Structure formats: C-alpha cells, structure tokens
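Q: One structure, as structure tokens, below. Some questions next.
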Amino acid sequence: MPATLLTDTVYDQVLALIGQDRLAAGDRLPGEHALAERFGVSRPVVRQALARLRAEGRVTAAHGAGHFVGQEPALKSIDYGPIQGIPDVRSFLEFRCILEGESAALAAQSRDARLRAAVTARRKAMEAATQRGEPGIEEDIAFHGAIARASENRYLILTITALMEHTRVAIRLVRELSPQPMMHRWRDVRAEHLRIDEAIAARDAAAAREAMTQHLRSGIGRLFPRQA
C-alpha cells in the first residue's frame, strides 16, 4: 500500500482508538512503538499520522512525555448525547443522509486524486475484512471517514468524526436487529459502497450524493423493512 494511504489508515485507526477507549482530552496515547506494533506499520508512518493529527488539534505532544488527546476529536461544543433507542437510530440515519450525501458530492468534486483513491482503498479494506470473517465495523467507519476527508470541508470532517461512536452503535444495531439474512445484507452493502466509490472516482457529484443517500436509506430499510 502506498505510504500516503498507510498514513491515512493509521490516522483513522488512532481516531478509532480514541473512540473505542473513550479517551478524553488530555489522556495519553500509546507510544509510537506500541502504535506501530498495534497497527502493523513502521514508526515513520505513525509519526506522519500523528503529525497530521497534531496539525488538526486532535492530538497534542509534550516533549519527552508522548502524545495526548486534544480537544478536537470529542468536539466538546457539540454534545448529541448517546443513542437512546431504536427511534434514535432512525433519526440518526436520516441525519446522516443529509450530512453524508453532501459529503460524498463534495468528495466527487475533489481535485486531489489521492483523497479519492483513499476512498477506494478503504472500501477494499472493508471487503477484505469481511472476507476474513471479521465484522468490518471499523473499516466501514473508515470508508465514510475517507469520504469526509475527500470533501475537504473542515466542518463536515469534524462533525462526522464527532459522530463516530454514534455511527459505531448504529451499525451494530442495524446488523443485530435487521431481519435480513447476513449474506444478503453484506451483498447489498458491498454493492452500495461500490456505487458510492465509483461515483466519487468518476467525479459525478449528483451520482455520489444519490448513492450515499440511498445507502443510508437502505440502512433504515434494513432495520425498519415495513416503514422505510
């Protein structure tokens, strides 16, 4: 994998680590060596990802003490509160239709081929994870995160990052509670992700918006088959 995409992957994984471990601003991150071993990459790749996180204010560094969670990841000024039930999941997915539909449209308009290539890489990483029999939830989140970064809109990137834990919970609930057989669900999700990726790669903003919106509305349909 190209170094740029490796850095993107570690960037996503550090953000996922912060969310999974519920780290708050000021909490210390594992050291560079530990992160490199955990993610299976070299320390220079970890340093590049951490440098990017520092530039965005999501991570801070203290000489000789290591790296710490910054203020940006939790977006303390936006407190949506936890998902409190199935109706909340539907509302959250409807909100994502609006937010991520535009994120995908802007990603399709990006002139940075590396950002668009990262979307494809994240899609393929999710496919590989599921083929190995893994849940692929973090890879799913990383796919949507790559699209947000390709939008090159700071506020979309920060908002979608702030909603990572909500997204994680919603994905789990859709998977656990959907009456659709798992193999059929995975087949549909794979096809939906491919349509989004292809529209972004073709730089077709309208098609990307429609593909993303349909993907998220299909998530509603998988959980509420009679109400979608």
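Q: Can you tell me which of (1) open to solvent by 20 Å² or more (accessible area, probe 1.4 Å); (2) modelled with pLDDT of 95 or more is the one GLU100 doesn't meet?
A: It fails just one condition, (1).
Q: Being outside any loop (DSSP other than H, G, I, E, B), in contact (Cβ under 8 Å) with a residue 40 or more places away in the chain, surrounded by fewer than 20 Cβ atoms within 10 Å (Cβ to Cβ) and of a type outside the set (A, V, I, L, M) is the requirement here; does GLU165 meet it? Before you say what the answer is, go through the steps one by one.
A: Details: outside any loop (DSSP other than H, G, I, E, B): yes; in contact (Cβ under 8 Å) with a residue 40 or more places away in the chain: yes; surrounded by fewer than 20 Cβ atoms within 10 Å (Cβ to Cβ): yes; of a type outside the set (A, V, I, L, M): yes.
Answer is yes for this residue.
Q: Which residues, counting only those in segment 211-226, are touching a residue at least 60 places away in the same chain (Cβ under 8 Å) and more than 18 Å from the chain's Cα centre (by Cα)?
A: Looking only at segment 211-226, we keep the residues that are touching a residue at least 60 places away in the same chain (Cβ under 8 Å), and these are 211-213, 216-217, 219-220, 223-224.
The answer is ILE220, LEU223, PHE224.
Q: Oh, and also: Can you tell me which residue among ARG217, ARG209, ARG190 is assigned to a helix (DSSP H, G or I), of a type outside the set (Ser, Thr, Tyr), buried (at least 21 other Cβ atoms within 10 Å of the Cβ) and at pLDDT 90 or above? Break it down stepwise before answering.
A: Numbers: ARG217 fails: buried (at least 21 other Cβ atoms within 10 Å of the Cβ); ARG190 fails: buried (at least 21 other Cβ atoms within 10 Å of the Cβ).
Testing whether each residue is assigned to a helix (DSSP H, G or I), of a type outside the set (Ser, Thr, Tyr), buried (at least 21 other Cβ atoms within 10 Å of the Cβ) and at pLDDT 90 or above leaves just ARG209.
Q: Also: Can you find a residue that is modelled with pLDDT of 80 or more and loosely packed, with under 14 Cβ neighbours inside 10 Å anywhere in segment 71-81? Steps first, please.
A: Going through segment 71-81, the residues modelled with pLDDT of 80 or more turn out to be none.
Checked against the condition, which is being modelled with pLDDT of 80 or more and loosely packed, with under 14 Cβ neighbours inside 10 Å, segment 71-81 yields no hits at all.
Table: residues versus (1) among the small types (Gly, Ala, Ser); (2) open to solvent by less than 20 Å² (accessible area, probe 1.4 Å); (3) closer than 30 Å to GLU56 by Cα; (4) touching a strand residue (DSSP E or B) at 6+ places or on another chain (Cβ under 9 Å).
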| residue | (1), (2), (3), (4) |
| --- | --- |
| ARG114 | no, no, yes, no |
| ALA125 | yes, no, yes, no |
| ALA128 | yes, no, yes, no |
| PRO135 | no, no, yes, no |
| GLY145 | yes, yes, yes, no |
| ALA148 | yes, yes, yes, no |
| VAL169 | no, no, yes, no |
| LEU177 | no, no, no, no |
| THR213 | no, no, yes, no |
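Q: Continuing with the same structure: So in segment 174-208, with the set limited to residues that are within 17 Å of the chain's Cα centre (by Cα) and touching a residue at least 60 places away in the same chain (Cβ under 8 Å), which one is farthest from LEU99 (Cα to Cα)?
A: The residue in question is ARG190.
The values are calculated or read from the model by the stated rules, or taken from the named source; none is laboratory data. Bear in mind that the values here come from a model prediction, so they are computed numbers and not experimental data. Here Cβ is always computed from backbone atoms with ideal geometry, including for glycine, and neighbour counts include all displayed protein chains. Accessible surface areas use protein heavy atoms only, side chains included; no ligands, DNA or RNA. Shrake-Rupley method; radii C 1.70, N 1.55, O 1.52, S 1.80 Å.
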